[in-house]
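Encoded as structure tokens, the structure appears first; notes follow it.
The values are calculated or read from the model by the stated rules, or taken from the named source; none is laboratory data. Everything numeric in this text was worked out from a predicted model, so none of it was measured. Cβ placement follows ideal geometry from the backbone for every residue including glycine, while neighbour counts extend to all protein chains displayed.
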Amino acid sequence: MEIELERTFLVKKLPEDLKEKSNIAEIIDIYIPKSIEHPILRIRKRGNVFEITKKAPLVGNDSSEQSEQTIPLTEEEFKSLSEINGKRFRKIRHYYNFENRVAEIDVYKDGLEGLVVADFEFESSIEKNNFQMPDFCLADVTQEKSIAGGILAGKEYSDIKPFLDKYNYQRILVE
């Protein structure tokens with residue numbers, strides 16, 4: 001079991017050099033079971049990588065520290081599992097180099113188009129706690145359940161707009 005230390009931020013504007021300084025992957029996530037509000041089991045296609053992952057908070061609902069178990073899948077296994085009736089979304093992930101670390105900037109597509117978040121992962125709790133929010137970000141939403149993948153999956157932008165309005169979030173549309 002791996003422990004994931006991360007912080008999540010709403011993005012207020014895309015970095016000007018995002019396309020030049022990042023690698024890109026399309027991600028399709030399917031969360032199961034569909035019947036519960038916040039499923040923690042996910043199958044994922046990230047470019048040509050396929051996996052199944054189970055994430056669970058180590059303390060309460062705090063998503064900044066989670067246990068994470070991931071099993072690689074073949075493309076055939078993913079295709080078979082993707083027939084499951086789960087909650088889905090698609091996003092384009094930019095692996096953006098920012099101050100000697102990688103920001104995972106997720107540009108959501110389809111029903112969630114307009115939502116952009118940035119995740120940063122850390123090696124220690126001290127490093128995580130001392131990290132300063134980048135200027136291209138609007139707000140730290142790490143503790144916000146509404147922005148968790150399992151909660152976002154299957155939703156439309158209009159479903160999360162009241163949550164985003166609390167931060168005066170402005171929809172970001174990307175070609």
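Below are the figures for this structure:
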quantity: Meets criteria (hydrophobic (A, V, I, L, M, F, W, C), surrounded by fewer than 19 Cβ atoms within 10 Å (Cβ to Cβ) and under 15 Å from the mean Cα position of the chain (by Cα)) for Val116; calculated: no
quantity: Matching residues, the range 1-21, being assigned to a strand (DSSP E or B), buried (at least 19 other Cβ atoms within 10 Å of the Cβ) and not aliphatic (A, V, I, L, M); calculated: Arg7, Thr8, Phe9
quantity: Cβ pairs under 8 Å, 6+ apart, first in the range 20-32 and under 16 Å from Arg44 (Cβ atoms), second of a type in the set (Phe, Trp, Tyr); calculated: Ile24/Tyr95; Ala25/Tyr95; Ile28/Phe89; Asp29/Phe89
quantity: Test: residue in the range 61-72 that is touching a strand residue (DSSP E or B) at 6+ places or on another chain (Cβ under 9 Å), under 20 Å from Glu6 (Cα atoms), acidic (Asp, Glu) and at pLDDT 95 or above; calculated: no
quantity: Verdict on Tyr167 being within 21 Å of Asn23 (Cα to Cα) and either of a type in the set (Ser, Thr, Tyr) or in contact with a Gly (Cβ under 7 Å, 6 or more places away or on another chain) (or both); calculated: no
quantity: Qualifying residue in the range 77-84 (condition: acidic (Asp, Glu), more than 19 Å from Lys155 (Cα to Cα), at pLDDT 95 or above and assigned to a helix (DSSP H, G or I)); calculated: yes
quantity: Helices (runs of 4 or more DSSP H) lying entirely in the range 123-175 (those with 1 or more residues that are hydroxyl-bearing (Ser, Thr, Tyr) and either surrounded by 14 or more Cβ atoms within 10 Å (Cβ to Cβ) or at negative phi (or both)); calculated: 125-130, 157-165
quantity: Qualifying residue in the range 43-65 (condition: exposed (fewer than 14 other Cβ atoms within 10 Å of the Cβ), in contact with a Leu (Cβ under 8 Å, 6 or more places away or on another chain) and outside any helix (DSSP H, G or I)); calculated: no
